[in-house]
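Student: My questions all concern the structure below.
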Amino acid sequence: MRDIGSTKQSKTASAAEDHGLQARYERYREILRNFTIMSDVFMRNVLKKKACTEYILQVIMEKDLRVVEQELQKDYKNLQGRSAILDCVVMDAEGKRYDVEIQRDNEGASPKRARYYSGLMDMNTLEAGQDFDELPETYVIFITREDIIGYGLPAYHIGRTIGEIQVEFRDESHIIYVNSKIQEDTKLGRLMHDMNCKNADEMYSKVLAERVRELKETEKGEEMMCKEMDEIFHEGIEIGEKKAKRKMVLNLSGMGMDVEQIAKAVGEPEHLVKEWIDAPALTK
């Protein structure tokens, strides 16, 4: 004989769960409309279309390069020290390697982080027995929200020089900082405009606009983005809903979202969200 009371409770719980999911998805859709390519989670999905990565690199490098291989969220293990996950690691048709990093905060784009990422790329390129001269030319590229270097330039190209004679030291290791605050009427400036743009119709680049429109304005793209944000929401859910929300708050803050947007995403008041961001130890 069926337990009618148990069946009713199950249906009620299922209905409540469905309602909660629908409510979260409504918040996610509102957040999605405000995402730009400078938002970490959105950037990862934009760059899943290789043509977008290729276009960004072509503009920054000022050459018609072709991307033959790329990996998003590349996890470089360092058994002797700190490992790191790089945003987008690319190889072009000439065998040159690129690490493209989108950084909204100054700390995340420090010169020594760029140096470390460059070293990780080298350490994870050569196979045992290969000669050091087989190391490919590498570029670590930080596209930053603020002018990290501080001289008011749209881009900074950094390489080693021999100090006594000011001649280039040809180790073929390069670091480039791109300042997204400068959005002047140049190819690079228009790209920076597009990367900070919420609306595909206002973008210069057809390839970037097409991808942004696909993610924001189609049912398939919207569903994919909502699922990804919901995965972030559910991280740590087994240790309690509040702790999961706190973790989500810090993740979304790290992606560059502001307090108002995060509060809508987690369904908590702004003052509480700000407390969690200011005191991240609460998530432990």
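Student: Pick out the one residue from D230, D194 that is open to solvent by less than 70 Å² (accessible area, probe 1.4 Å) and under 21 Å from K63 (Cβ atoms).
Tutor: From the options D230, D194, the qualifying one is D194.
Student: Then there's this: In the list E164, E146, which residue meets the criterion of being touching a residue at least 40 places away in the same chain (Cβ under 8 Å) and either over 26 Å from L86 (Cα atoms) or part of a loop (DSSP other than H, G, I, E, B) (or both)?
Tutor: Among E164, E146, only E146 is touching a residue at least 40 places away in the same chain (Cβ under 8 Å) and either over 26 Å from L86 (Cα atoms) or part of a loop (DSSP other than H, G, I, E, B) (or both).
Student: Let me ask something else. Evaluate the following for I37: is it under 20 Å from M203 (Cβ atoms), assigned to a loop (DSSP other than H, G, I, E, B) and in contact (Cβ under 8 Å) with a residue 60 or more places away in the chain?
Tutor: It is true that I37 is under 20 Å from M203 (Cβ atoms), assigned to a loop (DSSP other than H, G, I, E, B) and in contact (Cβ under 8 Å) with a residue 60 or more places away in the chain.
Student: Give all pairs with beta carbons closer than 8 Å in which a residue from segment 213-239 that is more than 15 Å from N34 (Cβ to Cβ) meets a residue that is charged (D, E, K, R) and modelled with pLDDT under 90; count only pairs at least 6 apart in sequence or on separate chains.
Tutor: Final answer for the pair search is D230/R24; F233/R24; F233/K245; E235/K247; G236/K243; G236/K247.
Student: Also: Restricting to segment 101-114, and then to whatever is open to solvent by 70 Å² or more (accessible area, probe 1.4 Å) and modelled with pLDDT of 90 or more, can you tell me which residue is nearest to H157 (Cα to Cα)?
Tutor: Per the stated criteria, the residue is P111.
Student: Only one residue in Y98, Y117, Y76, Y55 is open to solvent by less than 70 Å² (accessible area, probe 1.4 Å), of a type in the set (S, T, Y) and in contact (Cβ under 8 Å) with a residue 60 or more places away in the chain. Which one?
Tutor: Y55
Listed here are the residues, each with its yes/no results for (1) more than 24 Å from D194 (Cβ to Cβ); (2) part of a strand (DSSP E or B).
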site	(1), (2)
L72	no, yes
N78	yes, no
K112	yes, no
I175	no, yes
K181	no, no
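Student: I've got another one for you. For residues that are among the hydroxyl-bearing types (S, T, Y), touching a strand residue (DSSP E or B) at 6+ places or on another chain (Cβ under 6 Å) and either surrounded by fewer than 20 Cβ atoms within 10 Å (Cβ to Cβ) or at pLDDT below 90 (or both), tally how many sit in segment 120-141.
Tutor: Total meeting the criteria: 0.
Student: Take segment 160-185 and flag every residue that is more than 24 Å from the chain's Cα centre (by Cα) and under 30 Å from T36 (Cβ atoms).
Tutor: D185, the sole residue that qualifies.
Student: Just to be sure, is V207 open to solvent by less than 50 Å² (accessible area, probe 1.4 Å), farther than 24 Å from A109 by Cβ and touching a residue at least 12 places away in the same chain (Cβ under 8 Å)?
Tutor: Against the criterion (open to solvent by less than 50 Å² (accessible area, probe 1.4 Å), farther than 24 Å from A109 by Cβ and touching a residue at least 12 places away in the same chain (Cβ under 8 Å)), V207 qualifies.
Student: Among the residues of segment 166-191, which ones are among the hydrophobic types (A, V, I, L, M, F, W, C), open to solvent by less than 60 Å² (accessible area, probe 1.4 Å) and within 26 Å of E94 (Cβ to Cβ)?
Tutor: The answer is I175, I176, V178, L188, L191.
Student: Tell me, which residue of segment 33-50 that is modelled with pLDDT of 90 or more and under 12 Å from E228 (Cα atoms) is most open to solvent (accessible area, probe 1.4 Å)?
Tutor: Result: R44.
Student: Now for a different question. Quick check on segment 122-134. Is at least one of its residues out of contact with any Ser or Thr (no Cβ under 7 Å at 6 or more places or on another chain), hydrophobic (A, V, I, L, M, F, W, C), over 23 Å from D87 (Cβ atoms) and without any contact (Cβ under 8 Å) to a residue 24 or more places away in the chain?
Tutor: yes
The values are calculated or read from the model by the stated rules, or taken from the named source; none is laboratory data. Worth saying up front: this structure is predicted, and the values here are computed from it rather than measured. We place every Cβ from the backbone using ideal geometry, glycine too, and count neighbours over all the protein chains shown. Heads up: the accessible areas ignore ligands, DNA and RNA and are worked out on the full protein's heavy atoms, side chains in. Shrake-Rupley method; radii C 1.70, N 1.55, O 1.52, S 1.80 Å.
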